[in-house]
1. When the stretch 188-219 is examined, which residues are found to be of a type in the set (V, I, T), in contact (Cβ under 8 Å) with a residue 12 or more places away in the chain and farther than 18 Å from N304 by Cα?
2. Could you please find all residues in the stretch 276-286 being farther than 17 Å from F215 by Cβ and outside any helix (DSSP H, G or I)?
3. Looking only at the stretch 314-337, count how many residues are closer than 16 Å to K212 by Cβ and exposed (fewer than 14 other Cβ atoms within 10 Å of the Cβ).
4. Only one of these conditions is not met by K2: (1) touching a residue at least 40 places away in the same chain (Cβ under 8 Å); (2) of a type in the set (D, E, K, R); (3) within 28 Å of L339 (Cα to Cα); (4) surrounded by 14 or more Cβ atoms within 10 Å (Cβ to Cβ). Which number is it?
5. Are there any helices (runs of 4 or more DSSP H) wholly within the stretch 287-362 with 2 or more residues that are within 20 Å of G253 (Cβ to Cβ), and if so which?
6. Quick check on the stretch 233-252. Is at least one of its residues β-branched (V, I, T), touching a residue at least 12 places away in the same chain (Cβ under 8 Å) and in contact with a Lys or Arg (Cβ under 6 Å, 6 or more places away or on another chain)?
7. For the stretch 154-172, name all the residues that are more than 17 Å from P25 (Cα to Cα) and either touching a Pro at 6+ places or on another chain (Cβ under 8 Å) or part of a loop (DSSP other than H, G, I, E, B) (or both).
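The values are calculated or read from the model by the stated rules, or taken from the named source; none is laboratory data. Everything numeric here is computed off the predicted structure, so don't read it as measured data. Neighbour counts are summed over all protein chains in view; Cβ atoms, including those assigned to glycine, are modelled from backbone coordinates with ideal geometry. Note: accessible area is taken over every heavy atom of the protein model, side chains too, but ligands, DNA and RNA are not part of it. Shrake-Rupley method; radii C 1.70, N 1.55, O 1.52, S 1.80 Å.
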Amino acid sequence: MKVLFILPYPTEGPSNRYRVEQYIPFLKEQGIYCCLRPFITSKFYRILYTRGNTLKKCAYFLSSFLKRITDIIRAIKYDIIFIHIEAFPFGPPLFELIFWAMGKPIIFDFEDAIYLPVSRKGLHGCLKFPGKFYQNIRLSGQIIVCNNYLKEKLCIYNSNITVIPTAIDAEKFKLKADKAKLDKLLIGWIGSHTTLPCLKQLIPAFEKLSKKHDFILKIVGGGSEVKIPGIEIINEKWSLEKEVENFTSLDIGVYPLPDNEWAMAKTPFKTIQYMSVGVPTVASNVGGNREIIQDGINGFLASNEEEWIEKLSLLITNSHLRQKLGAAGRDTVEDRYSLKVNAPKLLEVLRKAYGNRYGNNY
């Protein structure tokens, strides 16, 4: 079986790093030939979300577009086309339609509410095609989503939907080792500039918490310097090289989310990452967090400011509780969200797509 993976981002993009790339060694062991074709290169990705460099971005974009055209020719020798999120960032699903017209089985994989209208103004927003997502759903022989909410929402458009949560390599994200005791505990949030507003909603809770307890707040990947009067804050840029280290450095992890459609459609992956290394987690009582966390057993759920303060205080003052919840969280990840558990599910989807098209089981 030969599978062409059409991806939006390079390795630096977390969605295809965790939804696709980490499965490739397993698939190769099963005798599947895999070719990964990201639209955006690593060089392009490094400047994509920065200001300026307009001419360079245009040049990179044109180069990426031309390479994507060559993927049409490349697809001839592949059995299955696996599309993660989309083949091209703008306009209608032109490339997807071409792959479909070639008679190639299409597997469409995504996480998050990518069907929501684009809120960005300007050229980027104008070039987005509103109906593209649902056309891709109808064109695809198999759909892979990250949670049951999306499956139930989309089953009226395509019944061939498999839930594979965004998984984690438990061999890479290992339990954190005991570290030298600090005078202050490290409460951490790891995200991006797009999710920083979620963290900022906790500022009033952190201010009140700081009047009762001494702690350091570590913010990784926020994209800007966050300052809260009276609280020591470490602002750090995200880097692929330090990804695991940033999680294992924490004593407590927080994952605030809004209660809306965007959050309902997510795999709350930061919750999984915290738990994978044994970091006790407090997360918003919304969406997928409710499926992952059993409140007080393998983590804490918080619905309002008072609960955030209460549950963070419990963890700050009780080292035994931190250890207990951290260990239970790690067990949850190994049982339900590990690469080892979910890789066979992806293999089964590939076999279904192959068998449905070519009339035999791989």
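1. Once the filter is applied, which keeps residues that are of a type in the set (V, I, T), in contact (Cβ under 8 Å) with a residue 12 or more places away in the chain and farther than 18 Å from N304 by Cα, the stretch 188-219 yields I190, I216, I219.
2. Selection gives V277, G278, A283, S284, N285, V286.
3. Residues meeting the conditions: 2.
4. The number of the failed condition is (4).
5. Output list reads 289-292, 305-317, 319-332.
6. Checked the stretch 233-252: at least one residue is β-branched (V, I, T), touching a residue at least 12 places away in the same chain (Cβ under 8 Å) and in contact with a Lys or Arg (Cβ under 6 Å, 6 or more places away or on another chain).
7. Residues satisfying the conditions are C155, I156, Y157, N158, S159, N160, I164, P165.
Conditions (1) outside any helix (DSSP H, G or I); (2) among the hydroxyl-bearing types (S, T, Y); (3) at pLDDT 95 or above, marked per residue:
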| position | (1), (2), (3) |
| --- | --- |
| I72 | no, no, yes |
| I76 | no, no, yes |
| I107 | yes, no, yes |
| I114 | yes, no, no |
| S119 | yes, yes, no |
